[in-house]
1. Considering each of Leu129, Leu162 in turn, give the residue that is modelled with pLDDT of 85 or more, surrounded by fewer than 19 Cβ atoms within 10 Å (Cβ to Cβ) and not β-branched (Val, Ile, Thr).
2. Just one of the numbered conditions (1) assigned to a loop (DSSP other than H, G, I, E, B); (2) at pLDDT below 85; (3) under 20 Å from Leu162 (Cβ atoms); (4) of a type outside the set (D, E, K, R) is not true of Pro89; which one?
Amino acid sequence: MNKAAAILKPFAFHIVGGIVLLIVVLVVIKKTRKGIANFFTDENRSELEKLQETNIKNITTSSANLSFDNTYYTTWAGKLYNAMYGWAPFIASRFSEEDYAELGALNADELKKIVKEFGVKEKSNWMGLHHQLTGTLFDWFENELSGSELQRMRDIFRKTGLWG
């Protein structure tokens, strides 16, 4: 027996076990694509999530009242999502006064369009193992903001009649 084999022989079980574990983890991640949590949870979404998605789809807007193309509203939905996602969601640190002014200047249908584009989003952490939130833009505001930031968003979105 050569020297390397003699050194590794006592650790063979651990090495093989580690390789098998690594393969299992990679298979789980590949099969879920959305995170490990989805592999371990029921594939059927909750009734609340389905209801939220239906309610979002049923929000009506008049295209005559939309001043921009769809990309504009999608970008705003993404900007709001990115400002709230993470360990310390401080919109104030990611939004300028110009951002608040631009958002506040939009009409009710434009704000509704942003809500529709945001849809129902999920937030989890630690590789998707710990589920934190699934909800609409308003659920995210309520869950992620506080104090003056939350009130400011309430004031802006109040004109939609969807949230007060």
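The values are calculated or read from the model by the stated rules, or taken from the named source; none is laboratory data. As the structure is a prediction and not an experimental result, all values here were calculated from the model. All Cβ positions, glycine included, derive from the backbone under ideal geometry; neighbour counts span all protein chains shown.
1. Unique residue meeting the criteria: Leu162.
2. (3)
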